[in-house]
Amino acid sequence: MVKPPSERPLEGIISIHSELSPMASNEYEPGRPTEEEVTLTRMLDKVLRRSDAVDKESLCVLAGQRVWHIRLTIHVLSDAGNMVDCACLAGIVALKHFRRPEVEVEGDEVTIHHPSERAPVPLSMHHTPFCLTFAFFQDTPPLLDPSRLEQTLSAGLLSVALNAQKELCVVQKAGGVPLAAEEVLGIMDIAVVKARELDKLVEACLLEDWKGRVVEIR
Amino acid sequence: MSSRIEILNDGGFRSDGRKQYELRDVLIDLSQQGTADGSAQISHGLTQVLVTVFGPREAKMRSHTLHDRAVLNVEMSVAPFSTGERRKRSKADRRILEMASMIASTFEPVVQTTLYPRSQIDIYVHVLQQDGSLLPACINATTLALITAGVPLHDFVCAVTGGVHSTSPLLDLTTVEENDIPHMTVAVMPRTQKVTLVTMETRLHVERFRELFELACEAGQTIHKEMKLAVKDRTVVLVGAMDAGLKGVAVDDRDRDVVMEDRI
Amino acid sequence: MPEISIRKRPRTEAVVTQRKFFKKTARGKVIKVLRERYLRDDVACGIHSCSLCASQSQDAVLPSSGSLDHPSFPTGHFVLPDTNVFLSQTVMEEVRHRSLPLYNRLKALVKADDKNIWVFYNEYRSETAIVREEAESPNDRNDRGIRKATSWYNNHLSLARPPVRGQSRPPLPLVVLLTDDVANRQKAEKEGLSCVSVRRYVESLKASNELLDLLAAVGSDSLEPTPAVAARQALYPEYLPMATLLAGVKSGQLHQGHFNANQYNYLEGSVPVAGFEKPVLLVGREHMNRAVQGDAVAVEVFDEKDWKAPLDEVVDQDANLKNDDAHDSDEEGDEEGVVAEKKTRYIESVKPAASGKQPTGRVVGIIKRNWRSYVKTSSGLSTVWLILVFYVIARYVCHIDSTSLTSTNPMSLSQQTVFATPVSRLLPRIRLRTRQAPTLVGQKILVTIDRWERTSRYPEGHFVRALGKVQSKEAEQESLLLEFDVPYRPFGKAILDCLPVEGDNWVVPPKNVADLNWKDREDLRDLIICSIDPPGCQDIDDALHARRLPNGNIEAGVHIADVSHFVHPDTPMDSEAAARGTTVYLVDKRIDMLPALLGTNLCSLRPHVERLAFSVIWELSPEAQIVDVRFTKSVIASKSAFTYEEAQIRKDDRSLSDELTESIRLLNDLAKKLKEGRMAAGALNLASPEVKIHLDSAESSDPIDVEQKELRETNSLVEEFMLLANISVAQKIQDTFPQTAVLRRHLPPPRTNFEKLQDILKKRRGMTLDVSSSGALAASLDECVDPSEPAFNTLVRIMATRCMLSAEYFCSGSVARDTFGHYGLASPIYTHFTSPIRRYADVLAHRQLAAAIGHAPLHASLHSKSHVERILDVVNKRHRMAQMAGRASVEFYVGLALKGRGAKETVIEDAFVIRTFRNGLGVFVSRLGIEGLVTFKREIQFDADNYTITVPADGQQVTIAVFDKVKVLVEVEQDKNTQRGRVVMALSQPIDSRSL
């Protein structure tokens, strides 16, 4: 719990960190962040934070005084291509799975209840965006979820983040091989289908997980 | 105050008197900028960007060269006076860095870099005034600056922003509009009708996206006409100057030659 | 594909097309803003078949001849009004700037089909766009813009219809500028424009009278000061420093009390204080000075000559403040008029109702905010207690007022300032900033109040969370729980860890003296014990038995679930139960005080299983006199669980004569005698409106009908024995622990509480109410009978009940011995012992009783007076809240049922008038158990002394008085702005109030 910045006194804070170490892939070097790392961080930021997936206003405890600061760290264990999608998926599932301790405000006094005392509560989510990356080539059709080899050989990438309600959150295609408008729109249609599938999978997995956790007996 | 402004009122007017599909006034100035090889200043309404291009020239750092093509180096700076609130922005600001890298990757497949192996083309983007549609202004100015520098391109790159207010699409957004409604930037290559850049960071339904995307592609053509006109005008002036007499121009040419010799 | 073009802006006209101004951000930074404006020639004039604008105005709505029916302008005319039928854009924007809700209504008006209204966007038309000149006020600039538009229109009309050679020029319609601003009119006349004031324009209209009435409220022709002048003035007086407040309260100059808002009139509140018999009246916002319902405030009482009587009027915040703007707190808007009007009425009302005067004062400081209380550190026994004891509601369930939104665009990303209207009528509107405003419209949301500045009319808060769609059962239920601060979270792990590890399989172990479960327990498994409860009851706290003794006396026993065997002091489960205080029963949900395992299984005295109990066993004489009483922990096995109805049927069935039935009959006989004795001692038979909701089926749970609860003999049977047990236990624990016994009392109501009811009864019915003692009251209540109206007596009882104080738990050492009595039950001492599953006070009483009989030592906390006081404070509050929540839940379902019925038919119900107001009636619909308001829009005569109102209807005067039976039309209406469903009543007999 932290004091919010004065320009946004009513909103909680979400910060996202990604830990890329040479352990993940021999492409990474310790020290200076590569361009790829910058892209990854920016994309995570856009998909998980700027898309308003988490209701930041609900993280406000005492306006201007106390807000929740949610810190999401993504550790990359191994990178065999398409890091962005994987990291975004991991991030969003983590946010959905996470439960924060219950708080109670009495005047200026904030009481954080220990999870054993009161069941912790999930974050309030507006929606669940999933990131999907397509790789383009000069003369072969585009590929979804490129491996590292495919990614290296590709002539351009297009990343789309969207939720199961068919709402796009991020579209990112900077440069690379130029595409016709229909191609871009065709990709969107595929993304819509894939996002639905992912959403179902994630919901099922979360449900499965919660069955194994007894929070209450009523 | 900003919340007081109606984005699109019942009469179909936007807050600055434009209608839905009207772009802001585009002003292009292609005159010479100091020692730069090419430069262009473009304003979309109150957004004003100056781009200067140096090169192709020898790379300063050998490690940064590629053996088979030229490297594009984009540096972007935002003038502290470009917004209402004066604030010095560091060049390492992540948003600025990202925008610079987007410009670079947009132009990489457009510039015929293979003609200049082991060299570098420097693109300096200066943002003078901001009132929405910053990235399109930078891209359009870069296209024009590359053209005036005589760098061979496959095509123009023409960019424009679009947004959706409720269900009505709007083109060429101002800051007020960008702050309020979902919006995207699209850069097209008018000759092939292909899209080289699409970015969107706000939530928008797929169907709305489709509609807006097609509209923005179309708007790119309109921008292209304006840009082509400016390039033609400048060429006419240059040709006219060459025809008018060799004296004045000759001096220029000699200077240019010296520069060229220096480079080789 | 629409045509895409580039709009060119001539650089030479930069003065007109660019605008530079400074603005102050929310954080107080001043920044420069540059905006541009594109001027165009294709802004349509909106006149049908105009030759100049033909291409742009396909949907022009104004007839080409103008309006011909105004006598002053025989050649036809168009009206171009100033601030308030061309509307120019300047006008629209000024309205928008002043008040968003007003703007939204104006917009709706413009869109209405039958109106010939055209909005002319003069600021975008190149000829009419103007620039603010140096030293010109925004108001003057706008006036100039409107004048320019007028002259352009006149010019445009003559250009559009050039004279045709050879024909006489057709008469041109005139464009008339309508303004109430004298200065503007003078300037316009100088420029040769025709202009009139609104009044003059209306006066010369044909049907002017009606319209003139509407105009009456509008002030004279003077220039109204712009809101900017009054900006940033402090709206409320400053609070005195805390030290001064406390010193003032100590010295008696100031008075401390809890602020109560008036639910009928948002401009009135009261503070009951110790020094005066009647609560201190606070009139107007300024005197209430930012106090919110439940705040502990310090008030200064005025000199007696300034005392006022409460205004018997319904003043609805929603109706009066609909034009208030969420963005600018300092805009006085049109509410001032209302308040001023009210003030004059107060002065009037003082004279006739001089007797009703009560101390009047103003709030000078807040001692403790209800929503922002400062937790005192206390030397409590454990930290857990601290948290529980000082828990306060700081969150309110609200709706967003949709007209206060800047943009209803669901995709809008900008932060907006909006009004949230709390569900409770006792709270002011809360202003909050949120980025999700459009999506929150139509939802119930939770809001916290953060602060209330002197300069802000409304408190400021922030959005906590959305509860769901309005009217959806889930959202309504959750909001109800939040509203009454019912802790409905699931039980945490630490609490559940306190339960027996065997869970549902726990049983009373086989009898064994060494076993802890059997320690000091009597084996009563062979007794013929049964329980009698409402249908569907799962948490059975009590069971009974009775048998004849050989000596002719009767042994009767009350067996209560032994909750204290499972809930030990100072455990997480105990703390949680203390914090919850009570189980809350809603129509379709029960929020348990104890985990369900205990409440509905291990402690529940279910039939045919062995259960631990705490028994009170009396030896009673056949006349129901107590010969002896003993208390013991026991093991019982209930033989049967009856509903009231089943028990009644069994008792009345002559063919049955088994032991169980005999035992019920025996109990019933004793209960009758006990009741007689109680009534003779002066116990009150009070009434409260209780209704039962029939739920359609388990899945849909749609209520289909509402009916009043039926009371049987067996209800009374159980009641009498529970009372007896409670009284016996109360005596025992009071004897053993005179300082810390947990008792319950009902203070006799102050006589002044009954004054009004007595007065009404006397004046309207000629009846008297003797309130000298509870016995006298009971007797005189029995006298209040109207032979023609059986329900009248019940109504009087309900009203009398409302005059009384509520019963409360207390610690015996904290109050004087002579105030222990229970007024309603006419018992000198009382406690709660019989429902430990659902009431925490009972658990404490169990522990004390167990200690009193030497079963277990008393936990240290129950020896501490201050500790017991603190727990009971919470329990008292929870108890009150639970009752209100239960009532609100019933009300919600009654509303749903009404809505269902209302869809099929108009619902007309009998109702009694219970209150008269200056502009309405308070009615009580007994069949639905709800109270409602009937308000009249027209002026009516109000006789405060005789409690009557006189309504003119169809030439005759209809007088309605308190206690009159009327018929009302009941509807559930959804508030357009807040989406809040509310019951609306209108009179249908003796007169139809809808037409008034």
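Below are the figures for this structure:
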read-out: Residue among A:Glu150, A:Glu208 that is under 24 Å from the mean Cα position of the chain (by Cα), closer than 30 Å to B:Glu108 by Cβ and more than 14 Å from chain B (Cβ to nearest Cβ); value: A:Glu150
read-out: Count - residues of the range C:128-161 that are more than 17 Å from C:Thr17 (Cα to Cα) and exposed (fewer than 15 other Cβ atoms within 10 Å of the Cβ); value: 7
read-out: Filtered residue count, the range A:75-107, keeping only those that are farther than 22 Å from A:Ser124 by Cβ and either away from every other protein chain (no Cβ under 14 Å) or in contact with a strand residue (DSSP E or B) (Cβ under 7 Å, 6 or more places away or on another chain) (or both); value: 13
read-out: Any hit, the range B:111-123, residues being under 15 Å from the mean Cα position of the chain (by Cα) and hydroxyl-bearing (Ser, Thr, Tyr); value: no
read-out: Any hit, the range A:19-26, residues being touching a Leu at 6+ places or on another chain (Cβ under 8 Å) and surrounded by 18 or more Cβ atoms within 10 Å (Cβ to Cβ); value: yes
read-out: Matching residues in the range A:180-191 - criterion: being closer than 13 Å to A:Val160 by Cβ and within 7 Å of another protein chain (Cβ to nearest Cβ); value: A:Val184, A:Leu185, A:Met188
read-out: Subset of the range B:1-17 (residues that are at the interface with chain C (Cβ under 8 Å from one of its Cβ atoms) and either closer than 17 Å to B:Leu215 by Cβ or charged (D, E, K, R) (or both)); value: B:Arg4, B:Glu6, B:Ile7, B:Asp10, B:Asp16
read-out: Selection from the range C:648-689 of residues that are of a type outside the set (D, E, K, R), at pLDDT 85 or above and over 30 Å from C:Ala776 (Cα atoms); value: C:Gln648, C:Ile649, C:Ser655, C:Leu660, C:Thr661, C:Ser663, C:Ile664, C:Leu666
read-out: Which numbered condition A:Thr73 misses (of (1) out of contact with any Cys (no Cβ under 7 Å at 6 or more places or on another chain); (2) surrounded by 14 or more Cβ atoms within 10 Å (Cβ to Cβ)); value: (2)
read-out: Hey, B:Gln20 of a type in the set (S, T, N, Q), within 8 Å of another protein chain (Cβ to nearest Cβ) and in a loop (DSSP other than H, G, I, E, B) or not; value: yes
read-out: Hey, A:Thr111 in contact with a strand residue (DSSP E or B) (Cβ under 7 Å, 6 or more places away or on another chain) and within 9 Å of another protein chain (Cβ to nearest Cβ) or not; value: yes
read-out: Matching residues, the range C:504-531, being outside any loop (DSSP other than H, G, I, E, B) and either away from every other protein chain (no Cβ under 14 Å) or within 22 Å of C:Ala578 (Cα to Cα) (or both); value: C:Leu516, C:Asn517, C:Trp518, C:Arg521, C:Glu522, C:Asp523, C:Cys530, C:Ser531
read-out: Failed condition for C:Met804, given (1) in contact with a Ser or Thr (Cβ under 9 Å, 6 or more places away or on another chain); (2) within 27 Å of C:Thr834 (Cβ to Cβ); value: (1)
read-out: Filter result (surrounded by fewer than 18 Cβ atoms within 10 Å (Cβ to Cβ) and β-branched (Val, Ile, Thr)) within the range B:27-66; value: B:Thr35, B:Thr65
read-out: Residues that are in contact with a helix residue (DSSP H, G or I) (Cβ under 8 Å, 6 or more places away or on another chain), charged (D, E, K, R) and part of a strand (DSSP E or B), drawn from the range A:52-110; value: A:Glu104, A:Glu106
read-out: Output for the range B:23-57, where each listed residue is aliphatic (A, V, I, L, M), within 8 Å of chain C (Cβ to nearest Cβ) and not in a strand (DSSP E or B); value: B:Leu46
read-out: Only listed residue being at pLDDT 80 or above, of a type in the set (A, V, I, L, M, F, W, C) and within 30 Å of A:Met125 (Cα to Cα), chosen from C:Leu496, C:Leu467; value: C:Leu496
read-out: Leading residue by the ranking (farthest from the other protein chains (Cβ to nearest Cβ)) among those in the range B:77-95 that are assigned to a helix (DSSP H, G or I) and farther than 18 Å from A:Leu40 by Cβ; value: B:Pro80
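The values are calculated or read from the model by the stated rules, or taken from the named source; none is laboratory data. Quick caveat: nothing in here was measured; it's all calculated off a predicted structure. Glycine also receives a Cβ, built like all others from the backbone with ideal geometry; neighbour counts cover every protein chain displayed.
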